[in-house]
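Asker: Here it is, the structure, as structure tokens.
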Amino acid sequence: MTEHFPQAEILSQGEEVVSGSVVDTNAAWLAQELVGLGFDVTRHTIVGDRLGDLAGLLSEIADRADCCVCTGGLGPTVDDLTAAAVAQAFGLPLRLDDEAWRAIQAWYASRNSVAPETNRKQALLPAGSQRLDNRWGTAPGFALAHGRCRFYFLPGVPMEMREIFGAEVRPRLTQRFAFRPPRSIVLRTVGVGESMLQARMDQVSLPVNAELGFCVVGPEVHVKLRLPTEIDLTAVEALLRNIRGALGDGVFSIDGLGDEGGDLATVIGRMLSRRNASLAIAETVSAGQLAHLCAGLTGLRECRVYPDTEAMTRALALDTFDSAVSGAAAAAQRLREQTGADYVLVQFESAGLHLALLTPTGLFGFDRPLEREPYRRHLIAAAFTLDKLRRHLASLG
């Protein structure tokens with residue numbers, strides 16, 4: 001029997017979002033929140049500052065979704081049209097909410113200022129709607145039901161949107177809907193492409209009604225599973241053993257099952273912590289990506305970023321060397337002398353990337369060609385570097 005989850009949509013309003021001038025981080029955050037509650041998020045729509053378009057979309061959504069969270073268009077200026085669009089779409093007059101207007105005036109007064117008359121517009125709410133108080137800014141949100149859908153209108157300012165969602169919207173959703181959230185699991189992989197992962201997953205028998213998806217996130221490829229609510233933990237663990245067997249050691253963590261998830265740096269931090277071990281890195285190829293990924297990593301003594309290999313050899317006062325292998329080895333030894341780290345990673349660029357990994361038991365070297373496009377070259381080099389350390393630590397048991 002197919003499970004049915006309440007359907008939710010996200011509607012983002014604003015010409016700056018449509019044009020790409022502003023990246024819509026609100027929608028990504030809301031989608032995660034709604035899916036986590038147990039919604040099936042079916043659409044994310046962006047519309048500009050056009051009253052007719054916005055009103056038309058609201059009418060459509062009212063007939064097809066159980067819930068819609070809308071962001072933006074609640075400001076005091078002429079291009080803030082959300083309340084007017086709701087009034088037009090659903091035939092609801094706008095009325096001054098005295099409490100909302102007092103809150104706006106108090107917000108300005110607390111900053112030794114007087115609320116401009118233009119801000120009165122923000123207190124005009126559709127008749128019959130419920131005010132969603134905004135203690136973090138001037139624009140109140142509001143909620144109403146029309147057709148089959150419950151709408152929640154929130155400011156576009158990310159901090160205000162998130163705070164109001166947590167304080168006002170989430171409690172209403174959990175009270176209104178009988179959620180049975182599916183079990184969502186993400187297997188994080190590195191070094192294996194989507195098509196290869198798909199081919200390997202074809203060998204795995206999934207439960208009825210399980211949903212499978214793939215997503216590229218930076219250097220990682222995520223294998224996403226959405227499992228029926230009735231599947232028990234023992235069955236999930238058995239399924240994941242089969243999947244890991246099919247996907248191989250490219251899987252480095254699993255989100256959604258215990259506390260062993262996280263990105264490469266997080267996983268390596270746990271591995272180092274278990275061994276009470278430390279790490280030092282000399283980065284020459286990935287242009288600071290390693291330093292970014294490793295910020296806050298448990299056990300990291302130092303991550304030095306050099307513009308190129310020549311700058312690193314000068315800074316470490318290395319003698320002349322006859323190859324990338326010997327140069328990287330010398331750099332790793334020098335960095336250990338200076339930092340006292342148990343593990344040392346050194347990137348060395350020659351015809352490609354040569355990576356030196358100095359461990360308590362010996363020195364290992366790895367090579368790979370470099371990507372042509374700069375951003376991918378930096379990202380893949382950083383992931384390759386961390387993954388070699390991850391695989392080595394995993395081999396120790």
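Asker: Can you give the three extents of the C-alpha atoms in the chain along their principal axes, from longest to shortest, in whole Å?
Answerer: 80, 58, 37
Asker: Calculate one ³J(HN,Hα) per residue across region 104-111 by plugging θ = phi - 60° into the Karplus curve 6.51 cos²θ - 1.76 cosθ + 1.60, and present them in order as whole Hz with x for glycine and proline.
Answerer: Those phi angles translate into 5, 4, 5, 4, 5, 4, 5, 10 Hz.
Asker: Another question, then. Counting DSSP beta bridges in region 7-176, what percent are antiparallel, to the nearest 5?
Answerer: Numbers: 11 of 28 bridges.
Beta bridges within region 7-176, antiparallel portion: roughly 40 percent.
Asker: Answer rounded, prolate or oblate for region 7-176, using the Cα gyration tensor with square roots of eigenvalues a ≥ b ≥ c: rounded when a/c is under 1.5, else prolate when a/b is larger than b/c, else oblate.
Answerer: Rounded, since a/c falls under 1.5.
Asker: What FRET efficiency do you get for PHE364 and GLN203 if R0 is 41 Å and r is their Cβ-Cβ distance, rounded to the nearest 0.05?
Answerer: Details: r = 31 Å, r/R0 = 0.76.
FRET efficiency, PHE364 to GLN203: 0.85.
Asker: Another question, if that's okay. Please work out the FRET efficiency for the pair ARG372 and ALA311, using the Cβ-Cβ distance as r and a Förster radius of 22 Å; give the result to the nearest 0.05. Don't skip to the end; give the middle numbers.
Answerer: Working: r = 22 Å, r/R0 = 1.02.
FRET efficiency, ARG372 to ALA311: 0.45.
Asker: Please report how far the C-alpha centroid of region 97-155 lies from that of region 1-46, rounded to the nearest whole angstrom.
Answerer: If you average the Cα positions of each part, the centres end up 22 Å apart.
Asker: Quick one: which residues, 5+ away or cross-chain, put their amide H under 5 Å from the amide H of ASP342? H built at 1.01 Å from N.
Answerer: Distant-sequence amide H within range of ASP342: SER278, LEU279.
Asker: Hey, what do the phi angles of region 41-54 turn into as Karplus ³J(HN,Hα) couplings, whole Hz, using 6.51/-1.76/1.60 and θ = phi - 60°, x for Gly and Pro?
Answerer: 7, 9, 8, 10, 10, 10, 9, x, 7, 10, 4, x, 4, 5
Asker: Give, rounded to the nearest 20 debye, the magnitude of the charge dipole that the chain has about its Cα centre when Lys and Arg contribute +1 at Cβ and Asp and Glu contribute -1 at Cβ.
Answerer: On the way: 39 positive and 47 negative charges, 144 e Å.
The dipole magnitude comes to about 700 debye.
Asker: In degrees, nearest 10, range 0 to 90: what is the angle between the Cα axis of helix 324-339 and the longest Cα principal axis of the chain?
Answerer: Around 70 degrees separate the two axes.
Asker: Still on this model: With a Förster radius of 35 Å, plug the Cβ-Cβ distance of HIS392 and ALA235 into 1/(1 + (r/R0)^6) and report the FRET value to the nearest 0.05.
Answerer: Numbers: r = 33 Å, r/R0 = 0.94.
For R0 = 35 Å, the calculated efficiency reads 0.60.
Asker: Here is a follow-up. Could you tell me whether region 118-180 comes out rounded, prolate or oblate from its Cα gyration tensor? Rule is a ≥ b ≥ c as square roots of the eigenvalues, rounded for a/c under 1.5, then prolate if a/b exceeds b/c, otherwise oblate. Mind showing how you got there, number by number?
Answerer: Details: a/c = 2.68, a/b = 1.38, b/c = 1.95.
Oblate, because a/c is 1.5 or more while a/b does not exceed b/c.
Asker: Let me ask something else about it. Given H placed 1.01 Å from N in the peptide plane, which residues other than close sequence neighbours of LEU353 have an amide H under 5 Å from its amide H?
Answerer: Amide H neighbours of LEU353, under 5 Å, 5+ apart: ARG368, LEU370.
Asker: Starting from the Cα coordinates of region 189-330, work out the convex hull volume and express it per residue in Å³. Could the numbers behind the result be given before it?
Answerer: Working: hull volume 20.8 nm³, N = 142.
Value for region 189-330: 147 Å³ per residue.
Asker: Subtracting the Cα-Cα distance from 0.36 nm times the residue separation, let me have the gained length for ALA351 to TRP136 in nm, one decimal. Intermediate values should be presented prior to the final figure.
Answerer: Numbers: separation 215, 0.36 × 215 = 77.40 nm, distance 5.43 nm.
Result for the pair: 72.0 nm of gain on full extension.
Asker: Does region 288-397 classify as rounded, prolate or oblate by the C-alpha gyration tensor (a ≥ b ≥ c root eigenvalues; a/c under 1.5 gives rounded; else a/b over b/c gives prolate, otherwise oblate)?
Answerer: On the way: a/c = 1.30, a/b = 1.03, b/c = 1.26.
Rounded is the answer for region 288-397, as its axis ratio a/c remains below 1.5.
Just so you know, all these numbers are worked out from the coordinates, no wet-lab data involved. As the structure is a prediction and not an experimental result, all values here were calculated from the model. Glycine also receives a Cβ, built like all others from the backbone with ideal geometry; neighbour counts cover every protein chain displayed.
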